[in-house]
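Just below is one structure, and these are the notes that go with it.
The values are calculated or read from the model by the stated rules, or taken from the named source; none is laboratory data. Source: prediction; values computed, not measured. Neighbour counts run over all protein chains shown; Cβ positions are idealised from the backbone, glycine included. To get the accessible areas, we keep the full protein, side chains included, count just its heavy atoms, and leave off ligands, DNA and RNA. Shrake-Rupley method; radii C 1.70, N 1.55, O 1.52, S 1.80 Å.
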There are 2 protein chains.
Amino acid sequence: MEDIFQGYKGMALETLKKYHVRVWGKTHIVTTRGEFDGTILPRAENDDDQHIVLKIITGYNIGVDIITITDMKETGYKKANYKIPEKEFPFTEGLPAVKLFGTGGTIASRLDYRTGAVIPAFSPGELYGAVPELADICNLTTEKVFAVFSENMGPPQYLQLAKAIGKEIENGVDGIVIGHGTDTMHHTGAALTFMVQNSPVPIVIVGSQRSSDRPSSDAALNLMHAMYAAGNSDIAEVMVCMFGPTSDEYGFLHRGTRVRKMHSSYRSTFRTLGDTPLATVTRKGVKAIKKQYNHRRKDRNVKILPYFEEKVTILYYYPNMQPDIIDALVDCGYKGIIIAGTGLGHVNKPVYPAIKRAIEKGVNIFMTVQTLWGYTHMFVYDTGRDLLSMGVIPLDNMLPEAAYIKLGWTLGQTTNREEVIDLMQHSINDEITKREPYNGYLLYQGGVPEVEQFVKNFRK
Amino acid sequence: MEDIFQGYKGMALETLKKYHVRVWGKTHIVTTRGEFDGTILPRAENDDDQHIVLKIITGYNIGVDIITITDMKETGYKKANYKIPEKEFPFTEGLPAVKLFGTGGTIASRLDYRTGAVIPAFSPGELYGAVPELADICNLTTEKVFAVFSENMGPPQYLQLAKAIGKEIENGVDGIVIGHGTDTMHHTGAALTFMVQNSPVPIVIVGSQRSSDRPSSDAALNLMHAMYAAGNSDIAEVMVCMFGPTSDEYGFLHRGTRVRKMHSSYRSTFRTLGDTPLATVTRKGVKAIKKQYNHRRKDRNVKILPYFEEKVTILYYYPNMQPDIIDALVDCGYKGIIIAGTGLGHVNKPVYPAIKRAIEKGVNIFMTVQTLWGYTHMFVYDTGRDLLSMGVIPLDNMLPEAAYIKLGWTLGQTTNREEVIDLMQHSINDEITKREPYNGYLLYQGGVPEVEQFVKNFRK
């Protein structure tokens, strides 16, 4: 006999029984806080017995507190089928050869029956079944490199991906797409920029903010854009390809080092900070915005630099930060610390002695700004000067996340302080952007066109 | 005899001597990286001997690496005088009584001769001397509560300010302005929102991004806006008053809980995130944007809640975060941790056991999002559900900085877990904004007007 209250227990189960409502029942719920329509979803093993989970018309799941429920009525019943039809991907003479690496994540996903949650899925035929337009863009082959949620990605995955990319480029592919969850997509973008240098072909990281079981999903569009960019674009760099404006007109290609996730749920969440995106992309073309980039080449020479020191961390400054935190990091054996300081790159006086001790013990401490936009500028105030004199090294406008990844990558190669500083301050692909004519100087000022643009674009 | 090379030593001193250039000399410098014009500034005691510091025409200081210098020529000489003329502030019958609290910071500052750096200054007559228009706006009295750089502000200063505000309201003032450095202005905005509740008068925090010795300074304009808002506005809340658009048309009044510094050097750096600012302000009027706010009243009843537990921290998640960091925080006696998670509020699996141990030991762990825009939504993925089941509490769209301040304030009052959670999740003044009609539900979705607006306003 089928379990019609799958996963529900205790008071939540009693509530369903009381109103004769089943899991997968289309249901109207009246509560003291409003009325809702949707489908009752199964619940997870660990879930509480205080909520009923409803998949509403937008595709979102909400948890309705049972103590607010005054009435429920089942108006229909449809057991969800999230299986995607599978078809063989056709080969078309003349189209570019694109390799899709699967890593897990929302780019192709389905509802997990056991938990009612969205879980990642990946298969070549499924992709074609779901997005047949892909066959007009490229000849696709796929490979599941591993399957982890984006938040569980880390150095072992970066190294594995870098090596897989190197091998694929050697094999003569025209472009590479990496399906990736969105949480830490920008971290992977930075990691692959440092680990895969001088690529002859585009390397495009793509994901979706809304899974393919939801009506407003960006999965198909992002995937088509990424495939097109990988197969046809002249830009042979590590890029993040995600949703552009809400109008759906185009997607953006972002440099892996300058992109950041800036909204937890919105589709247009990935933004290039402190610069313009690299290019726009549609299903029919890539239009470069930046003038300078690494061009596609015929040769197969690529530098794979798969290094990462794991004892690196980000210290996000807040008022009243105490020295015990820095001391503890040193005691735990951390070898590199990225501080995301306030203002132009500051922390409070009480942590000075701990910073000094850490640096004396050989810990490499670098400064970024938690404002995310703008540059460190540590010569302006006493605080910045004091930190500089202790040996804290400014990273200009490198994003804290890119700096963390770069420091792990750098310390994986050398522990020589001068080499570390040199590698960190030498920009590999715009993780630091410098403005003419002050290239090389410790000056980054307002009033230049880029900053003016920032304000125009950054209202709210 | 005057020291004409003040602070310079070693190779930098030799370079000045070689080209016959003095400190305060207007100088043309030719380098391998470009040419510069400006005034040679004195150097600080701790500074290296590798750079010559030049104050260029924009008001910024740059450090010129001496090894790049091919020629220097002194074209003039003018010793800077940063002293502001002091005049007695006039009393005008009928104008509102505004109290300005000085805390240090860039709102009024001058160049420090010893170090060549900008340091804060504060005196009532100086303010009038510098900005005589203030006399048309209000009757001003001032009080230096303390003098610390913004990055050194913390709980002792918050408590002192809250009490000083309470006393001043009792004394019958019409509005309060707090001069504040910009680095942690938003932290103080949050702290005072929680510590000073139900104020009958406006409490306006103001600063400047460019000090008053620079031509593009926003100090005077921000100060006039703040004085006007404090003396005349109907909005009796804790607000941050800073520069609006580059056109200078108006300033913004931001809620203390929703504002964040978003550019390290730009004047239009303070932004209300996930909402519109509270109001615009000019020298002649305040125009509310938000419909709901606390109105000015005649009575003098204000709640001063000066509490803060100092063992609270922010943990900014990054890929490969390791459990030793959380264990170390517990061992150091931390009682509260704000996680700034990825995506909808996630961390990686390896830290689960440490989080579990911490919560079992009574540490209060709350989740915010490092995307800054958007909401935690921990029911969507396994990861979020797992963290919820361990006892990590989501804080919706509370900014990590506001959450840190609120947790310190909350734990200063109670250590009872239920009370802590209740206080944290109950929004005092929009640190959590909820959308109708889902008030109270675990649902925050894209596609609503506010989020659409976000994209329009957040290009780049």
Residues located in the stretch B:377-415, provided they are β-branched (Val, Ile, Thr) and either under 21 Å from A:Phe149 (Cα atoms) or surrounded by fewer than 24 Cβ atoms within 10 Å (Cβ to Cβ) (or both): B:Val380, B:Thr383, B:Val392, B:Ile393, B:Thr414, B:Thr415
Considering only residues that are of a type in the set (D, E, K, R), more than 10 Å from chain A (Cβ to nearest Cβ) and crowded, with 24+ Cβ neighbours inside 10 Å, which ones fall in the stretch B:242-265? B:Arg255, B:Arg258
Could you list all residues from the stretch B:174-192 that are open to solvent by 10 Å² or more (accessible area, probe 1.4 Å) and more than 14 Å from every other protein chain (Cβ to nearest Cβ)? B:Asp174
Lone unmet requirement of (1) modelled with pLDDT under 95; (2) out of contact with any Ser or Thr (no Cβ under 8 Å at 6 or more places or on another chain); (3) closer than 27 Å to B:Ile405 by Cβ for B:Glu168: (1)
What single numbered condition from (1) under 17 Å from the mean Cα position of the chain (by Cα); (2) within 14 Å of chain B (Cβ to nearest Cβ); (3) free of Cβ contacts under 8 Å to residues at least 40 places away in the same chain fails to hold for A:Ile203? (2)
Name, by its number, the condition in (1) on the phi > 0 side of the Ramachandran plot; (2) surrounded by 20 or more Cβ atoms within 10 Å (Cβ to Cβ); (3) free of Cβ contacts under 8 Å to residues at least 60 places away in the same chain that does not hold for B:Gly274. (3)
Just checking, how many residues over the stretch B:68-107 are over 22 Å from B:Leu54 (Cβ atoms), at pLDDT 90 or above and among the small types (Gly, Ala, Ser)? 2
Tally of residues being surrounded by 19 or more Cβ atoms within 10 Å (Cβ to Cβ) and over 18 Å from B:Asp331 (Cβ atoms) across the stretch A:328-350: 14
Report, by residue number, each residue of the stretch B:9-50 that is open to solvent by 10 Å² or more (accessible area, probe 1.4 Å), modelled with pLDDT of 90 or more and part of a loop (DSSP other than H, G, I, E, B). B:His20, B:Arg22
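Taking B:Ala279 as the residue in question, decide whether it is crowded, with 23+ Cβ neighbours inside 10 Å and more than 8 Å from every other protein chain (Cβ to nearest Cβ).
yes
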In the stretch B:298-315, is there at least one residue being in contact with a Phe, Trp or Tyr (Cβ under 9 Å, 6 or more places away or on another chain), open to solvent by less than 30 Å² (accessible area, probe 1.4 Å) and among the polar types (S, T, N, Q)? yes
May I ask you to verify whether B:Pro353 is open to solvent by 10 Å² or more (accessible area, probe 1.4 Å) and touching a Pro at 6+ places or on another chain (Cβ under 7 Å)? yes
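Could you tell me which residue of the stretch A:51-67 is modelled with the highest pLDDT, considering only residues that are under 19 Å from A:Met11 (Cα atoms) and open to solvent by less than 10 Å² (accessible area, probe 1.4 Å)? Can you show your working first?
Our first condition is that a residue be under 19 Å from A:Met11 (Cα atoms); within the stretch A:51-67, this holds for A:51-54, A:62-67.
Next cut, open to solvent by less than 10 Å² (accessible area, probe 1.4 Å) only: A:52-54, A:62-64.
Details: A:Ile52: 87, A:Val53: 82, A:Leu54: 82, A:Ile62: 72, A:Gly63: 76, A:Val64: 84.
Once the filter is applied, the top-ranked residue is A:Ile52.
Can you tell which of B:Glu126, B:Glu143 is assigned to a strand (DSSP E or B) and either within 14 Å of chain A (Cβ to nearest Cβ) or charged (D, E, K, R) (or both)?
B:Glu143
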For the stretch B:292-390, which helices (runs of 4 or more DSSP H) that fit wholly inside it have 1 or more residues that are more than 10 Å from chain A (Cβ to nearest Cβ) and without any contact (Cβ under 8 Å) to a residue 24 or more places away in the chain? B:352-360
